[in-house]
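Q: Quick one: the structure is below, questions incoming.
The values are calculated or read from the model by the stated rules, or taken from the named source; none is laboratory data. Every value quoted in this text rests on a predicted model; they were computed, and no experiment measured them. We place every Cβ from the backbone using ideal geometry, glycine too, and count neighbours over all the protein chains shown. Heads up: the accessible areas ignore ligands, DNA and RNA and are worked out on the full protein's heavy atoms, side chains in. Shrake-Rupley method; radii C 1.70, N 1.55, O 1.52, S 1.80 Å.
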Amino acid sequence: MPIQKKNPKSTSTTSRKQQHVELAVREQVNFRGVTNGLERYRFEHNALPEIDLNEIDVKTEFLGKQLSAPLVISSMTGGYKDAERINRALAEAAEAYGLAIGIGSARQAMEDATFRKSYGVMRTVAPKAFIFSNIGAIEIARLAKAGEITKLRSIIELVNADALAIHLNPLQELMQPEGGKDFRGVLSGIEMAVKELGLPIIVKEVGAGISCGVAKLLIEVGVRVIDVAGAGGTSWAGVEILRHAEDDRAWLEPFWDWGIPTADCIKEVAPLTRVHGCALIASGGIKDGLEVAKSLALGADLAGIARPIITAFMEKGEAGLRTFIDHILFQLRGAMFLTGSRDIKALKAQPLIVAV
């Protein structure tokens, strides 16, 4: 039986992007039977920390730029009317807090200039922030095969990006009514981007995880940053399943929980990134500052949060967004205080106990 589209008129890149945000915020699209795995770990409590909470330093360096905290506002949106409002608020927060931030997939900006400002506004309001642009794997392969990889400079210049993220999303494409199913040439396209674009390349998943084997291939072609984006948070398979006609959803739902839990990804990939001097971002279901701290102790350098941040903004506005970030940073500092960790380096050296 052929896969049906929920609404044949909603298949443009612009419409799809708006649907993604609306479904992610309003519907129950979390993984159902899979967690990010971080609940399996706990810190050893230090009853005698001998530090002052106010002196704890959460600053870190990322690709030569200092961040005020090891936190990324992960790539979310862009390319439709309301995305400008959302991206403005997210970027203003990144600038105010000294955080890294990614733009949503910029494919739409390459196809049509109508909503380019929904991306470009981020650099306008965040002139000092670490901002990375973002494009999908299939688009990378297509451009590479056509010898047009340098066309990506347009979306890099759009936000004066410090790096380019390439997102790997075969599961999402498989579930997407109008998704692409040809992933041939993605790795060679990534290698071409590394060689020709002249800025760091981040490769990230979108919620199904990156394994040790895939990380090894990426590092071999020159990728400097890997964002594992593991399973346990938003199921993008679930988001895409909900975009199908109701009669088609049941036979796609076995893929709802597909993926590698975030904690397992970090443990697999961290030894490789350490040996090769690459950076590791942990994302995928990270919902609070304690999980940020656990991710760092497992071997990540930064932690990324997406859906909880955009939900805080959509539900409670800019004040709610800032409050959410304040809470994340307090929880991170709290974990450091209770383990006697004066800085991020000390936190990363803390042993984690496997919970039973």
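Q: What aspartates and glutamates could a cross-link reach from residue 287, if we take a straight Cα to Cα line under 15 Å and drop same-chain neighbours fewer than 8 places away?
A: Counting by Cα, and skipping residues close in sequence, residue 287 has these aspartates and glutamates nearby: 39, 326.
Q: Which longest uninterrupted range of the chain lacks any trypsin sites (Lys or Arg not before Pro) assigned by DSSP to a loop state (not H, G, I, E or B) and surrounded by at most 12 other Cβ atoms within 10 Å?
A: The reported range is 185-356.
Q: If you don't mind, another one. With only alpha-carbon atoms in the gyration tensor, what are the semi-axes of the equivalent ellipsoid for segment 105-257, in Å, largest first?
A: Semi-axes (√(5λ), whole Å): 26, 19, 15.
Q: List every residue whose amide H lies under 5 Å from the amide H of residue 62, counting only residues 5 or more places away in sequence or on a different chain, with H placed 1.01 Å from N in the peptide plane.
A: Residues meeting the amide H criterion: 67.
Q: Related question: Could you work out the relative contact order of segment 37-134, using alpha carbon pairs under 8 angstrom and six or more residues apart, expressed as a whole percent?
A: It comes to 27 percent, rounded to a whole number.
Q: Further, regarding this structure: With the radius of gyration and the Kirkwood radius both derived from the Cα set of segment 298-356, what is their ratio Rg to Rh?
A: Using Cα coordinates only, the ratio equals 1.07.
Q: Measuring from the lowest to the highest alpha carbon on each principal axis, how far does segment 1-145 reach, largest first, in angstroms?
A: 62, 41, 34
Q: Provide the percentage of antiparallel DSSP beta bridges, counting only those with both residues in segment 1-150; round to the nearest 5.
A: So the antiparallel bridges in segment 1-150 amount to around 40 percent.
Q: Keeping every protein chain present and rolling a 1.4 Å probe, give me the accessible area per residue for the chain in Å².
A: Computed with neighbouring chains in place, this is 43 Å² per residue.
Q: Can you send over the carbon and sulfur percentage of the accessible area for the chain, probe radius 1.4 Å, protein chains only?
A: Of all accessible area on the chain, carbon and sulfur atoms account for 52 percent.
Q: Which value at 222 nm does the chain reach when only helices count, each DSSP H run of 4 or more adding -39,500 (n - 2.57), with the total divided by all residues and rounded to the nearest 500 deg cm²/dmol?
A: -13000 deg cm²/dmol
Q: Right, here's the next one. What number comes out for the charge environment of residue 35, summing +1 per Lys or Arg and -1 per Asp or Glu over other residues with Cβ under 14 Å away?
A: The answer is -1.
Q: Here's something else I'd like to know. At most 13 other Cβ atoms within 10 Å plus a DSSP loop assignment makes a site exposed; report the longest stretch of the chain without any exposed GluC sites (Glu not before Pro).
A: 149-356
Q: Sort segment 165-322 into rounded, prolate or oblate with this rule: let a ≥ b ≥ c be the square roots of the eigenvalues of the Cα gyration tensor; rounded if a/c is under 1.5, and if a/c is not under 1.5, prolate when a/b is larger than b/c, oblate otherwise.
A: Note, shape of segment 165-322 comes out oblate.
Q: Explain nothing, just the number: dipole magnitude of the chain about its Cα centre with +1 on each Lys and Arg Cβ and -1 on each Asp and Glu Cβ, in debye rounded to the nearest 20.
A: About 540 debye.
Q: Just to be sure I understand: if I project the alpha-carbon convex hull of segment 236-339 onto a plane and average over all orientations, what area do I get in nm²?
A: 8.7
Q: Once you list every other residue whose beta carbon is under 12 Å from the beta carbon of residue 201, what net charge do they have if Lys and Arg are +1 and Asp and Glu are -1?
A: -1
Q: Within the set of other residues whose C-beta is less than 15 Å from the C-beta of residue 88, count the net charge using Lys and Arg as +1 and Asp and Glu as -1.
A: My count for the surroundings of residue 88 gives +1.
Q: May I ask which of 204/267; 81/204; 65/128 have a Cα-Cα span longer than 19 Å here?
A: Listed pairs above 19 Å: 81/204.
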